[in-house]
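Have a look at the structure below, then the notes.
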Amino acid sequence: VTNWSEAAGQRLTEEPVSTKSSGRSGKALPSGGRPSRASVASAIGTAIPPIWFVLALTFAIVVWRNPLFAEPLSLMSFLKRSAPLVVLALGQLFVVVAGELDLSVGALVTASVVIAARLGQGDPHRTWWIVLLLLGFGLLVGLLNGAVTTLLKVPSFITTLGTMLVLNGAVFLWTGGSPTGSLAANLREAGRGAVQGVPWVEQVPYAVLVALVAGSVAYLLLHRTRFGHRVFATGGGPRTAWLSGVDTRRVRTATFVISALSAVCAAVLLAGFAGLSANAGEGYEFQAIAAVVFGGAALGGGKGRVSAALGGALTLSLLFTLLNVLGFAKPLRDSVEGLTLIAAAAFTAYRLRRPR
Amino acid sequence: VSALAARLPRLRAGRSSLPVWLVLAGVFVVGWIVVDASGGRFLAVTNLQNIAQRSVALGLVAVGQALVVLAGSLDLSVAYTISIAAVVSSVVMAGDPGRVGGGVAAGLGVGAAIGLVNGLVITLLRVNAFVATFGVSLVARGVLNATFDNFAGAVPKQFQSLGYDAVVGVPVSVFLLAGVVAGAWWLVHRTRFGYHVYAVGGNPEVARLSGIRVNRTLLVVHVLCGLCAALSGLFLASRLGSGAPWVGPDGGYDLESIAVVVLGGVALTGGKGRLLGAISAVLMFAVFDSVFNSFEASPFLRTLVRGVIIVGAVALYARRGGQDTP
């Protein structure tokens, strides 16, 4: 099945522009071709994750069908709406690179929003300690996920599924079925407010700034620190990493904590522009995983990039906008998302099968 | 006692589902005591029938899911497969007793087709099973919701007997589940194909080098899983009298079926565990539901307790299995 001999001697040779079509069937790309062009593509391909070309293409189509989308205001509003997913995807990326999955983030988002409303009761003076409390809560959930996965040796799929059930059950048991209380105005400001009077773009939503900071921190942490190397080592080969002196249990626990904290952060943003609801975080766990997969990370660990996950989250978000612009019936958007997800994963699998 | 002693080595090696059945017996007895102590009648025929009925829908899916998980894969698309099979079969039947056969065939056909697509995406495109079946599930959800938004079709009275009738006190559907379980048990534990499933789940590369057609094995288990989910859809259609597009996802059958399979002692990494363990876990869930219902406990408490039980049980297995790699 592999075409190693054919592709031997070539580095990453995919043509970025043809990303989508080649993803659909693994054999669409001939592995031969002109070496000079291939090496150019290779240089570009390693510098810029292929998903960014898909993102650019999707963006071009959206703007072509709806020129208003390129206006600074609507562009910023799109970025604001994507910010929670971006933050969640960045958190999930750490877990996925370490070879695990976190299914509990959606429930944690819901829990955070509901807790903030219930304890805050709309009182702006309580906002600071509520945010601190939520971060502490996220830390606790992350530590719990990590401890159960690494010390009790429960597969992370089951651990985080359990956490999801417990959080969903506990939060609504506490509030009696429907969320009560209200969100303080200054808490919501983080999600819906903006820095006004910025040249070129008029305004920059706080959510976009938060996503930018989160992206930078994630980039530094994953690609520029010793901890990041350990995350890759843990996901790439846990046994090898362990024997090389990496405390893989601690590393994996840390990734769960990062993911949980990102969920709390996303919850605050989401509370801002979406408000209080019992299903605030519903489905976000799968969307975050989908965004990471879009970005070419391999489930199973050891592969992934922050810039690609960022591109994946934005692409997923933009895909919804595109389907909306093209006038797809709402249910069919799920179908398109599913097909694109499979195509992206197939493309990644195809790429990983070829020698670098 | 000697019979038990003879089984001990198998028990230690995790090749028996006996511990799970013992836990089930314990849960059953505790449920009995708790419910009867609070003035209920746990052993009433209607209650036992309820427990059995409740097990059928999840049990059918769990059989298919167990096959897939044993082979080292996973199927997140079962919930929508259930819905599509339920809707398609009831639309084809359209309340006409003469078209029951056609409706059943159509439902099973759709289930097998979805399973086949899952298998093809996993084996040919080499997509991780989680992503592949989740993607297929999204596609199925879109198609389903774009086509139907309410009860569709109708099943004739005769077909409803599958959901409601009982023979000497045992619901007809229980016979269906027993038949499917027996067939799957024979397939997994008594045929060459069953050994292939374990081999592929244990280590696909070693299985391939041993001359096993890994891709074909994966394709077959995924088709069988689709068929099992479709059977569950048929059962639910006969219960409701019509196909409801929300019947699968609302029941949470995707994650729940994986949970019971793992609760039954099947390793999520594949190649380890017994089919009957999954079935006893299904019964355990049904007993829990019945106890919670008799106390009219909050559904949220039920969700919470389930989460704790699933994680706790799997932690116990991990302890028993004693894997040293951190």
Total charge dipole magnitude, the range A:265-350, about the Cα centre, Cβ charges on Lys, Arg, Asp, Glu only, Debye to nearest 20: 200
Where B meets A: accessible area buried, both sides, 1.4 Å probe, Å²: 3700
Alpha-carbon radius of gyration plus Dmax, which is the widest Cα pair, for the range B:165-247 in Å: 16.9, 51
Per-residue ³J(HN,Hα) for the range B:252-262, Karplus 6.51 cos²θ - 1.76 cosθ + 1.60, θ = phi - 60°, Hz, x for Gly and Pro: x, 5, 5, 6, 5, 5, 5, 4, 5, 4, 5
Charge dipole (debye, nearest 20) of the protein assembly as shown; +1 at Cβ of Lys and Arg, -1 at Cβ of Asp and Glu: 1980
Largest to smallest principal axis extent of the C-alpha atoms in chain A, angstrom: 65, 55, 38
For B:ALA166, distant residues with modelled amide H under 5 Å away: B:VAL172
Leading residue at positive end of dipole, chain A (Cβ point charges), from A:GLY281, A:SER317, A:LEU151: A:LEU151
Unit Cα scatterers, Debye sum, the protein assembly as shown: log10 I(q)/I(0) for q = 0.09 Å⁻¹: -0.81
Separation between Cα centres of the range B:137-157 and the range A:262-341, rounded to whole Å: 25
Spatially near lysine pairs across chain A, Cα under 30 Å, sequence gap of 8 or more or different chains: 7
For the range A:186-201, Karplus couplings with θ = phi - 60° (6.51, -1.76, 1.60), whole Hz, Gly/Pro x: 6, 5, 6, 4, 4, x, 10, x, 7, 7, 8, x, 7, x, 6, 10
Helix axis angle, A:306-325 relative to chain A longest principal axis, alpha carbon, degrees: 80
Debye intensity ratio I(q)/I(0), log10, the range A:96-188, q values 0.14, 0.18, 0.19, 0.24 Å⁻¹ (C-alpha model): -0.55, -0.81, -0.87, -1.14
Virtual spin-label span in nm between A:VAL195 and A:LEU140, 7 Å along Cα→Cβ: 3.5
Spherically averaged projected area in nm², based on the convex hull that wraps the Cα atoms of the range B:205-326: 10.2
Cα principal axis extents for chain B, largest first, Å: 57, 56, 35
Surface accessible to a 1.4 Å probe, B:HIS196 within the full protein complex, Å²: 50
Amide hydrogen neighbours beyond the local backbone of B:PHE42, cut-off 5 Å, H modeled: B:ASP36
Cα-centred dipole magnitude for the range B:20-156, charges only on beta-carbon of K, R (+1) and D, E (-1), debye, nearest 20: 100
Average accessible surface area per residue within chain B, 1.4 Å rolling probe, Å²: 42
Distance in nm between pseudo-label sites at B:LEU301 and A:ARG224 (7 Å out along the Cβ direction from Cα): 5.2
Kirkwood-based Rg to Rh ratio, the range B:108-183, C-alpha trace: 1.12
Under the Karplus curve 6.51 cos²θ - 1.76 cosθ + 1.60, θ = phi - 60°, whole-Hz ³J(HN,Hα) for the range A:151-165, x wherever Gly or Pro sits: 8, 8, 6, 8, x, 4, 4, 6, 3, 6, 5, x, 4, 4, 5
Distance (nanometres) between label positions extended 7 Å along Cα→Cβ at A:ALA278 and B:GLN158: 4.3
Placed amide H near B:ALA267: partners under 5 Å, 5+ positions off or other chain: B:LYS272, B:GLY273
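The values are calculated or read from the model by the stated rules, or taken from the named source; none is laboratory data. Every value quoted in this text rests on a predicted model; they were computed, and no experiment measured them. All Cβ positions, even for glycine, are placed from backbone atoms using ideal geometry, and neighbour counts span all protein chains on display. Just the protein is used for accessible areas: all its heavy atoms, side chains included, with ligands, DNA and RNA removed. Shrake-Rupley method; radii C 1.70, N 1.55, O 1.52, S 1.80 Å.
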